[in-house]
Structures are given as structure tokens and as C-alpha cells.
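This is the structure, below, for whatever I ask next.
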Protein chains: 4
Amino acid sequence: MDTLEPIKPLNIKRGMKVSDLVEDMKSLGFQARKIGEAGEILKEMFDDEKCKIFVGLAGALVPAGMKKIIISLLDETDVFVSTGANLTHDLIEALGGKHYQGSELVDDSELNKEGIDRIYDVFMKSEVYEKLDDFFDKNWQELEKAKTTKELLWKIGSLLKVKKDESILKKCYEEKIPIFCPALADSGIGLMIWGNKARGKEIFIDAFEDMKKIIDFAWKNKKKGVVYIGGGVPKNFIQQAMQFSTPASYGIQITTDKEEYGGSSGAKLKEGISWGKMSQEGKFVNVSCDATIALPLILSYALEKKDK
Amino acid sequence: MDTLEPIKPLNIKRGMKVSDLVEDMKSLGFQARKIGEAGEILKEMFDDEKCKIFVGLAGALVPAGMKKIIISLLDETDVFVSTGANLTHDLIEALGGKHYQGSELVDDSELNKEGIDRIYDVFMKSEVYEKLDDFFDKNWQELEKAKTTKELLWKIGSLLKVKKDESILKKCYEEKIPIFCPALADSGIGLMIWGNKARGKEIFIDAFEDMKKIIDFAWKNKKKGVVYIGGGVPKNFIQQAMQFSTPASYGIQITTDKEEYGGSSGAKLKEGISWGKMSQEGKFVNVSCDATIALPLILSYALEKKDK
Amino acid sequence: MDTLEPIKPLNIKRGMKVSDLVEDMKSLGFQARKIGEAGEILKEMFDDEKCKIFVGLAGALVPAGMKKIIISLLDETDVFVSTGANLTHDLIEALGGKHYQGSELVDDSELNKEGIDRIYDVFMKSEVYEKLDDFFDKNWQELEKAKTTKELLWKIGSLLKVKKDESILKKCYEEKIPIFCPALADSGIGLMIWGNKARGKEIFIDAFEDMKKIIDFAWKNKKKGVVYIGGGVPKNFIQQAMQFSTPASYGIQITTDKEEYGGSSGAKLKEGISWGKMSQEGKFVNVSCDATIALPLILSYALEKKDK
Amino acid sequence: MDTLEPIKPLNIKRGMKVSDLVEDMKSLGFQARKIGEAGEILKEMFDDEKCKIFVGLAGALVPAGMKKIIISLLDETDVFVSTGANLTHDLIEALGGKHYQGSELVDDSELNKEGIDRIYDVFMKSEVYEKLDDFFDKNWQELEKAKTTKELLWKIGSLLKVKKDESILKKCYEEKIPIFCPALADSGIGLMIWGNKARGKEIFIDAFEDMKKIIDFAWKNKKKGVVYIGGGVPKNFIQQAMQFSTPASYGIQITTDKEEYGGSSGAKLKEGISWGKMSQEGKFVNVSCDATIALPLILSYALEKKDK
């Protein structure tokens, strides 16, 4: 007990900065403390020049308005793995489509009649699919050259007319950040490819080629950090790259899934030590909080405190 | 759709203020939006001069370092209902006891040997009970005069040697904020009273007298707002005061419980409309987030923006 | 690993018995295994003649149709602690009131107009309060003699005209099962008492007298088992009786709350070892599942297998 | 209210059958009622001869001992979509590997030293990867002919020496059940393919070919039911097949994810109506429960009651 730090009751002050709030959260308990610790560990990842950072992204974060936060995080990211949904919604916005503040307390039949798709309390017009159709139609000759999801996604990024701080896909292309999407078929982008294939056009994306790239990169770089926003395929895909190379030295996980149900999405990072995915000496923290709240706090802190 | 607001992707800026982050969260989706809306509704409660504010507090928030946040909230509170645990931990700190940053990944048998009580990742020495014993022993003559939990808790507050910004109990006493604890027996303070009664001392706290006070107050004041931090008895006790007077016009609820399991703690505020606890025209929001994260954000916003 | 049991994939068979399903669940993983283990531990509590069983009940289980299950459990119960809500709903049913299968997807304003109170997907007519009023009015002279919640609740039970397998309150009275409700004020029964007090009638329930009873009983009986259905005050009230006597040797907890948020309701039973509430050599299991599913499974198993 | 059914308090009886328990749960509230309704809807899917059933499976269900349950469900399944993990663990068991009953309360560093991988409370020896290696090594010439994940998975199934009631993969192959795994790269099977590709062997699995198959099948069959065990890619992949064909008429979803956080895994089925994934006149139910508990109950009921 002598070595234990006392809890320091948090004092909120008028005009308090986000980074100071997160700093003070380090001295609390429960999930606020986890936020503080995640901020600290992310800062350390940023400051460790040898550390390569792998970011896994799941959940409908782009529709909820997290696009620019993720673009900020990409400035410090070496490998980016995402669900197809986030990339599709990013593409939709880059093509001029919008997401709206709706409500979870609505008659979904009414929305269907009005051509509105619901994502909890976010609405999207189903006509955005026309924009996607047009984009794939116009650019097919260029897109069909892709052989991997990474190439395809970079190509999509290269064709976008927005600035790199307005689109995840554009950002990844311009900054040459490797971007993987193991289940791209499971998304609106996948549907566009299916649509074109159905009309007789050809494209061959090798389902396993990206694995080689991510595992090779994980092998070459012995110091690694992982950032999991949600679980799903992105987390697991990075985890297995760690397992088949060397374990990660840093890790933060933001999820509302729970370990009690046994799935990978809710598993605490500590479990990864048994598999050799996480280093025994590593610094890890699990944050049980909606990522739309936790990520802005954690990232604000780490970006502001890095190199200090 | 014409009337819908587009989601505005959040941009975090160096040196950003907490209140500006919460302001921007209003334009997002999912739980970040709920944080923004809760900030706004709390500000409106503060600004509405006719509105009387009822705060219900459950969960081990004092051990986690939320004491001063709650004291700040008490500045705007007209009726305060708490679990006994929070008040006991407040009293422990007022008597010089401490809470420490521990770990949830420990051998609880080891802690037991060392005389340490664990509250998730917070530790407390079990010797704090001696301080409680001493306090009740020394002050029994004064305390035994109390006839209701409110009187008892105010008396305890009056006897504390700390400043009012260091203790919830002291604050309530000095500011004459009615404080109710319907299950006070279920707490360390209750144990102290039991201990004294067991040694033949006498005290008579009427289990139902506080109800009269809270319902009378709720009757007299037609405009009311409720703030639920956690569920449990405090939420339900305030809810029934609304049901048996007039419904609340404002409400925010911060909880990680879920409505699917049917308990009062997880019930969405909207359910209260059926019971006449919440007004049909009221402004309500449910925030699904650990209170140690959500409360500092929401309260920072409301305190900074009030009267603006 | 040599001592580890392999998972035995579950085989469902036509006409399978509930107790056989729970038996087979012992050989699975995740929460099914916890169900199996809880069944086994509850059976062991039932079989251990020295073991006194303390049951804590929270959540709206009576409205959901769990009344008879709880009455079955009371056959094996030595001390029963409940929220006021469950007892109020039990009383309502004993007086002829009903709960209905409603829906969570409704307009609560409409329900309010129709005089219907909603509890997630369960409906109740608000006119049941008239039956409560009548009951308290007619029986006040008898009820006002009570000095503790236990006496009051037994008196209510004694006045009911239903059989003991139709009412928790009747059952507790007839079988002389000590029943405690530390926050009785926080319930419909509490409201009835408030209503009578408001009309000038008198009753004095000592808020702390029950503590003496439960702690004395916990002291006298060194072998104890705890069964927590939900958390809240009932769990905590029993936990502190263990802490201030001797720790429990058996424990099962059914809750959907999570430990990550630090509250007592979600705390794993293991945490109680640090406090001296649970024995280091005890047998404990936490089940993360809605009690309306878990309790029938666990109890069916334990009742059928006991004494075998 | 006149049309509402009263809740019928559940009575557990000695020797009660699982199917009778689920039948009685239909008359309860909360999640027990959802179990009853899910059993009924699944039975209706089974009985509706025109209805084609799409099953999506996520979460580590095979390690937890759900393999045979899923094989039973496959008897009624027309399209099966799974995460790679479940198929990998099925393959491991088919090759003689085992899963063990471990504990979530262990030192993961110790497990790592002993070569044990942990999945919550389930253990697996990491040496199982050698069996996988051997299998892929020996059978590569056959496996490399596959052009889609379905072909590859059927080929794997065809090569297994176990009976079809011992392996999901064998069952799908023998019964010619289309099986899709959009993120197969994200699994142990994926790692084996990567390993062989890394050693210069060739295989070309088209990442988008399966989409054509599932959407074509969904187009041709206008009456469809969906069964989601967990969320993730399997749910979403089936959902988009519904969106781009015709909406599903029946649906059951078993998940512990919550809608409040906006992800597809936790979204209630009702949300799918807005997208045209679910029919407005459809019969749907969401069950909030660990699938290791809910699935055996629901499936036992539906298999026993079908054609009655």
C-alpha cells in the first residue's frame, strides 16, 4: 500500500482544457482512469520512434461524425485496418453525400417510405447509392487494375476530389498509409464491385494477399503498438499479425463489448499475452466506453502531449 | 429530412476546452451526441429559475474520485438523494481516510490479509472503520437526536472539521440542501448505528418520514428537473416523488444499465412518461456511459454555459 | 493441462429435460458453463445442512412473471432481502391486480392517457393503486403495530387471502422466513404508508432495527451461502452482514451489470474476498444473464438434484 | 388493454422439458419472453416451406462447445455465413485438437509459457497449429483449386475424416449447404493459406465472388428468414444480401451488443426495416443473452415443435 497513489478527487475548472481533464483522469478510478491511462499509453506510442502503430477500426464511426478524428489519428498510424462500412461512409461523404442527426425513436417503416436508412440516431438518404454507382461506373477502368484491397482502396482515394483532411481514403492514399479491409465484400463498396461484376465487368482481388503485407510488416518491425477502436475483423486481423510475428508492446482498446461472452471483440488485451499477441512487459489498457466519447478525449491528450 | 441537421464531423484542436468539445458533440451521433444533449439540458435546468433540481446518486463515485464534481453539482441542487455508500466514503475522506489507485487484477486473498478492501481498481484500508467508530463514539450524544436520515446526515455534516468544498455531507449541511438516503442502513454509516444500538445506545430514525418531505417539496414546486447518476434506490425514490406530485420537465440519466432487462436502473427516461413521472413535453436524455467519464464532461459544460 | 477437462460439445435431444441441459452446460464454456456451475453450487447449498441461505432480490422480477420461481426458492431460503418494488408487485397480484404482456415499442404518452404504467415490455393498469389504497385503509389498525420492515411485511402477508404458493409475502409470513426491505420507503408500499401518515395516521418503523436481526443471524450461523438475483440494496445489505460476521462459503450472482463501472451491483463475488464478505475457500460463480432466463434454469437444476 | 395477455407466472416442475420451459417463457416478460418468441419464430421459419433460412454466426461458439448445436441448426439452413474463427476451431477439432475448460482468472504469462491460448475460460494448446499445418501441407494440391471461399471450405470439409455430425465443415460439404466466410483471411485457416503463399505456393480466392452467389440466391427466393448468432461480418453480409434483393420475413438475433453504440452488431432488427433489409410485416425478435445459453433453448424448442 505504501507505493499506492491516492485517488485525487477531480476538480473541474472554468475553461479547463480537454488535455488537462484527461491528465487529471489518470488519478481517478474506474473508466475515467482508463481514459487517462489510454491517453498516456497512446502518447508513449507516438513518442517511441521505433514503435509502429497498427489501428483497427470497427463500428459506424464515420456516420457518427468521427471522420476527422480518425484522419488526425492517421497522422500517427503505420497500418490501418477497417471495416468496409466506415470506408463506404467515408467515400459517400467524399462524393457529397451526407449523414444527418436523426432519432432512434422513429417508425422505421416511415423512414423506408421516405428513402432514409437509419444507423441508430443517424440518418442517411438511400439515394447516396446513386453517387456510389456513378463513381464506380466512371472510374471502373482505373479501379479494375487493383489486385488487393489495399490497391483498390488507394485507387479510390486517388480519384477523390476532396482534400486529405476531408477523407480517410484520400488521406491513406496521399500519405501512403497501408489500408487493409479483409471483409471489403461486406460493405457498400463491395456491393458496387458486385454490381459491376454482375454486369460482366472483371476485377480480381486476391482475398489473402493483404495478409502477407501486414504480417511481413509486423515481422520487420519488432516494436509495435495496437489501437483498437471497436473489435470485429479489424482487431482480430491485427492480433493475428502480432501472433505470427512478435507481440505488441503497447495497446489500447476502446470497446463496449464484454469479455464474459467469450468473443474476440470483448476480450481484454491481457488475454492476448497467452497467444503471444501482446508482450508480457507491454503497456495495455481496455476502455469500456462508446468510442465517440472516448476517442476524442484520448486522442486530444496524446496529440497535445506528444514530444513533451 | 429538410429539417434535419447534418452531422458535423468533430475536429479536435490543440488546447481545446472541455466545454467546446461538449458543444461540438451536440452535432455528432451515438453517445457523444447524448453527452452534448445532456450538457445542454443540464444548462437549461440551471438557467430555468423556476426549476427545482433533484439529484439521485448511486454507484461508488466517491471512491473513484468524483467527490468534488458532486460538490460542484450540489451548488445547483435542491434535493439530493444518495446511496449510503457514497456518503460513507465521503465521511471516511472527511475523517482523514483515503482511497487509493489499486488494480482489478489482484489476488483478493492477498488484499484481505493486508487489510485492504477493493472496489474494482480502487483500494481502501479496512482500518478506516476505526475512524468511523471513533467519530460515532465521540459524537453519539449529538447524533442520537436525529429523527430522520436527513437530520442525521446534516448532523454528521455539521460535526465535520473540513471545508464544505471537501465533503458532500458538510456541503449539504452548510448549504441546507435536503439530503435523503432511503437505505441508509445499507452502508457503513448504517453499520456504525447498528454497532451503537447493539451496545445498548438508542436512536430512532423513522424509515418513512423523509418521503413526506420529498413528496411535499415535489408538490409545491411544479417545475422540476431530475439528474440521475446511476440508478438504484436514489433514482426510484425521486421518480416516485414525481409520480405522486407532478411530472418532471427536464431529465438526464447517466447509466450503464440497459433497458432490455427490465429493471428501474436501466429504464430509459421515456418510460417514465407512462407513469406520469416525466412530462410528455419534457426534455430528456439517457447517456450510456460510465459516470466517471460522462459527469465531468456534462457538468463542465453546464456550469460554464449557464446564464449565457 | 493434464488436469483440465475437455469441453464436451452440447447435444440437444428431443424431449430433453431442463435439469439435463443444465448438467451438460457444466462441460461448456462462457456463460452456459456459469449456468451449470451456478446450478451445482446452489444444489450444494441446498444439500449442506449447516448452510444458511441468504437471498437478495432486485429488478422487476415479479412483473416479469418470476413470482412462483421465487416462491420455490423461498422453500430453501433462511433470510430474504428484497427491493420494495418486487414486494409491491407481489402485493398487487395478491389483491387481484395483474401484469400484462405489453411492448417496449410504444408511445408512452398514449399509455399515460390510457392509465397504463410500463415496465419495459410489461404493462400494469395504474388503477391497481386503488386496490393498494383500500388494503392499507382497511388494515391500518393492524399494520400500524409493526415496528420493523420485517414485522410490517409479515403482517401484510398475514392479511392476504391467497395461498402461500401465490404470494411471496404470504409465503414469508406462513413459513416464518425473515424478510427485510431496507429501502421500503422507496416503493408502492412505502407510498401507501406515506399516504396514511400524510392523513395523520401514525406508524413508527425503525430504519435500523432489521440490521441487528440480519447481522445477529449471520453471526450465529458460521456456514452461509448467498444468492444474488440482481444487485442493488439487497445484495449490498447481505454483503455487509457477511462482512460484519463471518464470510460466506457459497455464492451465486445473476446480474447483467458489469464490474468495469465499479458499482456494487456489477462487482464480481471474488471482490468480496478482500472485504471478508466471501471466504477464500468458498465456491462462487457470477452469471452474466437476464435473471428471467438464468434463474429458472439454475433453480430447476438445484431443486431436482438436491439430496442426490 | 382488453386484447393484452396477462403475464403467467412461470412454474418450474420436476422433470420439466426444455421445450415446455421455452413454451412457458412466451407468457413472461423481459428476455425470457424474447427466448420464447425466438423459439416460436424459428419454428415458423422451419415450418414455412417457402422460407429460405440464412444463418450468420460470430463469436467463439465452437470453442465454447456449441459445435453440435450449430450442426443441428444446419439441418434447417439454406445459407451459412460464419467468421473464420468458428470454422478454424471446427477444423481443429476435426483434426483431433481439443478445447479445454480453463479459467478467466489466470496469469496469461504462465499460459504463454505452457503453450496455451486462452479464449475467456476456454483453453487450447497452441500445438494445434501443427495439425493445421500438416493438413494444409498434405492437401494443398486439392485445396489450391478453390476459387471462392465456399469452394475452399467445401474442399476442406470433403477432406475431413470425421462424420458429418462431428464437424460444421464436413456437414456443409456433405449436405451441400452454401457456406460463406467473407473475412476468411482473418482466421487460422487464413494464416495457413498465407503460410503456403509465403512459401511460394499459389491460390487465388476471389474476394467478391461469394457476394454474387448469396445475392443471387436471395433474389431468387422471395421468402427469407435470418438467424443471427452474434453480429459482426456474418450478420452484415446477410443483411446486405437482403437489402439488395428483397427484405427478410422472419428474423431472430441473439447478441449481447447494444444498439446505443450505433454498430451493426448491436442494432435491433427493426432498424433493418428502414434499409429494406427486413420486411415491415415481418416477424422479428432480438434476444439479449449469451448465445451459449439462448441458442440451446431456442433451437431445442423449434426442432421439437416443428411440423406440429
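Would you check which residues across region B:1-24 are more than 8 Å from chain A (Cβ to nearest Cβ) and either touching a residue at least 60 places away in the same chain (Cβ under 8 Å) or not in a loop (DSSP other than H, G, I, E, B) (or both) and list them? It would help to see each step written out before you state the result.
So the first thing to find is which residues in region B:1-24 are more than 8 Å from chain A (Cβ to nearest Cβ), and the list is B:2-3, B:13, B:20, B:22-24.
Within region B:1-24, B:20, B:22, B:23, B:24 meet the criteria.
May I pose another question? Restricting attention to region B:94-128, which residues are surrounded by fewer than 21 Cβ atoms within 10 Å (Cβ to Cβ) and within 30 Å of residue B:176 (Cβ to Cβ)?
Matches in region B:94-128: B:95, B:96, B:97, B:98.
Return yes or no: is residue B:65 among the small types (Gly, Ala, Ser), more than 27 Å from residue C:271 (Cβ to Cβ) and within 8 Å of chain A (Cβ to nearest Cβ)? Write out each step before concluding.
Numbers: among the small types (Gly, Ala, Ser): yes; more than 27 Å from residue C:271 (Cβ to Cβ): no; within 8 Å of chain A (Cβ to nearest Cβ): yes.
Answer is no for this residue.
Moving on. Does residue C:167 satisfy the condition of being small (Gly, Ala, Ser), more than 25 Å from residue B:205 (Cβ to Cβ) and modelled with pLDDT of 95 or more?
Values: small (Gly, Ala, Ser): yes; more than 25 Å from residue B:205 (Cβ to Cβ): yes; modelled with pLDDT of 95 or more: yes.
So residue C:167 passes the test.
Only one residue in B:194, B:219 is assigned to a helix (DSSP H, G or I) and in contact with a helix residue (DSSP H, G or I) (Cβ under 6 Å, 6 or more places away or on another chain), so which one is that?
B:194
Scan region D:177-199 for residues that are among the β-branched types (Val, Ile, Thr) and facing chain A (nearest Cβ under 8 Å) and report the count. Walk me through it before giving the result.
Step one: filter region D:177-199 for residues among the β-branched types (Val, Ile, Thr), giving D:177, D:179, D:189, D:193.
Subsequent filtering for residues that are facing chain A (nearest Cβ under 8 Å) retains D:193.
Adding up the residues that qualify gives 1.
Among residues belonging to region D:257-281 that are in contact with an Asp or Glu (Cβ under 6 Å, 6 or more places away or on another chain) and part of a loop (DSSP other than H, G, I, E, B), point out the one that is farthest from residue B:256 (Cα to Cα).
Only one residue fits best here, namely D:270.
On the given criteria, is residue D:210 within 12 Å of chain C (Cβ to nearest Cβ) and either over 29 Å from residue C:16 (Cβ atoms) or among the charged types (D, E, K, R) (or both)?
Values: within 12 Å of chain C (Cβ to nearest Cβ): no; either over 29 Å from residue C:16 (Cβ atoms) or among the charged types (D, E, K, R) (or both): yes.
The answer is no for residue D:210.
Do we find that residue B:186 is in contact with a helix residue (DSSP H, G or I) (Cβ under 6 Å, 6 or more places away or on another chain), acidic (Asp, Glu) and assigned to a helix (DSSP H, G or I) in this structure? Full working, then the answer.
Working: in contact with a helix residue (DSSP H, G or I) (Cβ under 6 Å, 6 or more places away or on another chain): yes; acidic (Asp, Glu): yes; assigned to a helix (DSSP H, G or I): no.
In short, no.
Something else about it: Just to be sure I understand, how many residues within region C:202-239 are among the acidic types (Asp, Glu) and closer than 22 Å to residue C:276 by Cβ? Write out each step before concluding.
Taking region C:202-239 first, the residues among the acidic types (Asp, Glu) are C:202, C:206, C:209-210, C:216.
Still in the running and closer than 22 Å to residue C:276 by Cβ: C:210, C:216.
Qualifying residue count for the region: 2.
Condition first: modelled with pLDDT of 95 or more, within 14 Å of another protein chain (Cβ to nearest Cβ), under 22 Å from the mean Cα position of the chain (by Cα) and surrounded by 19 or more Cβ atoms within 10 Å (Cβ to Cβ). Can you find one or more residues in region A:132-144 that meet it?
yes
Mind checking which residues of region A:178-203 are among the aromatic types (Phe, Trp, Tyr), in contact with a strand residue (DSSP E or B) (Cβ under 6 Å, 6 or more places away or on another chain) and surrounded by fewer than 24 Cβ atoms within 10 Å (Cβ to Cβ)?
Step one: filter region A:178-203 for residues among the aromatic types (Phe, Trp, Tyr), giving A:180, A:194.
Adding the requirement that they be in contact with a strand residue (DSSP E or B) (Cβ under 6 Å, 6 or more places away or on another chain) leaves A:180.
Of everything in region A:178-203, nothing turns out to be among the aromatic types (Phe, Trp, Tyr), in contact with a strand residue (DSSP E or B) (Cβ under 6 Å, 6 or more places away or on another chain) and surrounded by fewer than 24 Cβ atoms within 10 Å (Cβ to Cβ).
Then there's this: Would you mention how many residues in region C:206-235 are of a type outside the set (A, V, I, L, M, F, W, C), in contact (Cβ under 8 Å) with a residue 40 or more places away in the chain and either buried (at least 23 other Cβ atoms within 10 Å of the Cβ) or farther than 23 Å from residue C:73 by Cα (or both)?
Total meeting the criteria: 11.
If a residue must be surrounded by 23 or more Cβ atoms within 10 Å (Cβ to Cβ) and at positive phi, how many such residues does region B:245-282 contain?
Matching residues across region B:245-282 total 1.
I'm trying to understand the selection: among the residues of region C:127-157, which are among the charged types (D, E, K, R) and either free of Cβ contacts under 8 Å to residues at least 40 places away in the same chain or in a helix (DSSP H, G or I) (or both)?
Let us first name the residues in region C:127-157 that are among the charged types (D, E, K, R), namely C:127, C:130-131, C:133-134, C:137-138, C:142, C:144-145, C:147, C:150-151, C:155.
Residues satisfying the conditions are C:127, C:130, C:131, C:133, C:134, C:137, C:138, C:142, C:145, C:150, C:151, C:155.
I'm checking my understanding of the structure. Among residues of region A:162-175 that are touching a residue at least 12 places away in the same chain (Cβ under 8 Å) and part of a loop (DSSP other than H, G, I, E, B), which one is surrounded by the most Cβ atoms within 10 Å (Cβ to Cβ)?
Restricting attention to region A:162-175, the residues satisfying the condition of being touching a residue at least 12 places away in the same chain (Cβ under 8 Å) are A:162, A:164-175.
Next, only the ones that are part of a loop (DSSP other than H, G, I, E, B) stay: A:162, A:164-167.
Working: A:162: 16, A:164: 17, A:165: 15, A:166: 17, A:167: 26.
Filtering first and then ranking leaves A:167.
Right, here's the next one. For region D:76-88, enumerate the residues that are in contact with a helix residue (DSSP H, G or I) (Cβ under 8 Å, 6 or more places away or on another chain) and either among the aliphatic types (A, V, I, L, M) or outside any strand (DSSP E or B) (or both).
Here is the first cut: in region D:76-88, the residues in contact with a helix residue (DSSP H, G or I) (Cβ under 8 Å, 6 or more places away or on another chain) are D:76, D:78-88.
Once the filter is applied, which keeps residues that are in contact with a helix residue (DSSP H, G or I) (Cβ under 8 Å, 6 or more places away or on another chain) and either among the aliphatic types (A, V, I, L, M) or outside any strand (DSSP E or B) (or both), region D:76-88 yields D:76, D:78, D:79, D:81, D:83, D:84, D:85, D:86, D:87, D:88.
Output the residues belonging to region D:105-125 that are out of contact with any Lys or Arg (no Cβ under 8 Å at 6 or more places or on another chain), at the interface with another protein chain (Cβ under 7 Å from one of its Cβ atoms) and in a loop (DSSP other than H, G, I, E, B).
Scanning region D:105-125 gives a single hit, D:120.
How many residues are touching a His at 6+ places or on another chain (Cβ under 6 Å) and over 30 Å from residue D:126 (Cβ atoms) when one looks only at region C:1-39?
Quick first cut of region C:1-39, residues touching a His at 6+ places or on another chain (Cβ under 6 Å) only: C:7.
Pick out the ones that are also over 30 Å from residue D:126 (Cβ atoms) and you get none.
Matching residues across region C:1-39 total 0.
Further, regarding this structure: Evaluate the following for residue B:145: is it among the charged types (D, E, K, R) and closer than 15 Å to residue B:209 by Cβ?
Details: among the charged types (D, E, K, R): yes; closer than 15 Å to residue B:209 by Cβ: yes.
Yes; evaluated as a whole, the condition is true for this residue.
Does residue B:302 meet the test of being buried (at least 23 other Cβ atoms within 10 Å of the Cβ), closer than 15 Å to residue C:108 by Cβ and touching a helix residue (DSSP H, G or I) at 6+ places or on another chain (Cβ under 9 Å)? Please lay out each step first, then the result.
Details: buried (at least 23 other Cβ atoms within 10 Å of the Cβ): yes; closer than 15 Å to residue C:108 by Cβ: no; touching a helix residue (DSSP H, G or I) at 6+ places or on another chain (Cβ under 9 Å): yes.
When the stated conditions are applied, residue B:302 does not pass them.
Give me the pairs, please: first residue somewhere in region C:282-305 and more than 7 Å from chain D (Cβ to nearest Cβ) and in a helix (DSSP H, G or I), second residue anywhere and of a type outside the set (A, V, I, L, M, F, W, C) and surrounded by fewer than 24 Cβ atoms within 10 Å (Cβ to Cβ), beta-carbon distance under 6 Å, and either six or more positions apart or on two chains.
Listed by first residue and then by second, the contacts come to C:301/C:19; C:302/C:43; C:305/C:43.
Filter region C:27-49 for residues that are outside any helix (DSSP H, G or I) and surrounded by fewer than 19 Cβ atoms within 10 Å (Cβ to Cβ) and give the result.
Within region C:27-49, the subset outside any helix (DSSP H, G or I) is C:27-29, C:48-49.
Answer for region C:27-49, where residues must be outside any helix (DSSP H, G or I) and surrounded by fewer than 19 Cβ atoms within 10 Å (Cβ to Cβ): C:27, C:48, C:49.
Next question. Only one residue in C:252, C:238 is part of a helix (DSSP H, G or I), in contact (Cβ under 8 Å) with a residue 60 or more places away in the chain and either more than 7 Å from chain B (Cβ to nearest Cβ) or touching a Lys or Arg at 6+ places or on another chain (Cβ under 6 Å) (or both). Which one?
Details: C:252 fails: part of a helix (DSSP H, G or I).
Residue meeting the stated conditions: C:238.
Taking the condition more than 8 Å from chain D (Cβ to nearest Cβ), in contact with a Cys (Cβ under 9 Å, 6 or more places away or on another chain) and not in a helix (DSSP H, G or I), does residue C:55 pass? Can you show your working first?
Numbers: more than 8 Å from chain D (Cβ to nearest Cβ): yes; in contact with a Cys (Cβ under 9 Å, 6 or more places away or on another chain): no; not in a helix (DSSP H, G or I): yes.
Against the criterion (more than 8 Å from chain D (Cβ to nearest Cβ), in contact with a Cys (Cβ under 9 Å, 6 or more places away or on another chain) and not in a helix (DSSP H, G or I)), residue C:55 does not qualify.
Can you find even one residue in region A:88-97 that is away from chain B (no Cβ under 14 Å) and touching a Pro at 6+ places or on another chain (Cβ under 7 Å)?
Kept after step one, since they are away from chain B (no Cβ under 14 Å), are these residues of region A:88-97: A:88, A:91, A:95.
Subsequent filtering for residues that are touching a Pro at 6+ places or on another chain (Cβ under 7 Å) retains none.
No, there is no match, as no residue in region A:88-97 is away from chain B (no Cβ under 14 Å) and touching a Pro at 6+ places or on another chain (Cβ under 7 Å).
The values are calculated or read from the model by the stated rules, or taken from the named source; none is laboratory data. Just so it is clear, the structure is predicted and the values come from calculations on it, not from any experiment. Virtual Cβ from ideal backbone geometry, glycine too; neighbours counted across all protein chains shown.
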